[in-house]
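The values are calculated or read from the model by the stated rules, or taken from the named source; none is laboratory data. As the structure is a prediction and not an experimental result, all values here were calculated from the model. Here Cβ is always computed from backbone atoms with ideal geometry, including for glycine, and neighbour counts include all displayed protein chains.
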Amino acid sequence: MPADSARKPETPDPAENVEEHTANTANARSAHDEAFEEPVARDPVSAPDAEGVPRRSTRRFPLFTRDTARPEGGGRAAPRDAPAPARQWPMLVVLGLVALGLLLTAFDVFRIGTILIGAGLLTGAVLRWLRLNVGMLAVRSRFTDVATYGVLGVTIVLLALMAQPRPWLQIPFLGDTLHFTVSN
């Protein structure tokens, strides 16, 4: 066996490896930067005023969205140092009323239970209208939340009041409409 093949291969100099790695990394970074350039917004989103504070100069939305904004009023309903349930008390009030209504409905007190469910949604609408910060009760804009909670709450209460047998609320033209459509 020749003596050359029994020798161990030379280990490369660590300093040369560092230089090669640095050069390769720099080349990779420049290729990465060219492939993924930072997007440039063509529309002015905000312009600084005289004091340097950015003010919106256009009503158009920015070209690129970087984050999802919390709905107006979606902040805590209690200070940061309050326990978690206290920070979300408006949502807990609405959920508590709805849960109590579902429980009553399950125990065969249908009309009272469904009225309580509708009252819970109407309470949510009132809280959303009157309170600035309502925590997780704020889902969309204030107007949309109040309209949604209000319409659903009124509809559920009216349907509960008109439920058969022995409805508590009778609307004459609805009965006539129903009889007209069934008889014809």
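Here are some notes:
- Residue within region 32-54 that is surrounded by 10 or more Cβ atoms within 10 Å (Cβ to Cβ), at pLDDT below 65 and among the polar types (S, T, N, Q) present: yes
- Lone qualifier among R142, R87, R128 - being in contact (Cβ under 8 Å) with a residue 40 or more places away in the chain and surrounded by fewer than 19 Cβ atoms within 10 Å (Cβ to Cβ): R142
- Looking across region 73-84, the residues that are free of Cβ contacts under 8 Å to residues at least 24 places away in the same chain and out of contact with any Lys or Arg (no Cβ under 9 Å at 6 or more places or on another chain) come down to D81, P83, A84.
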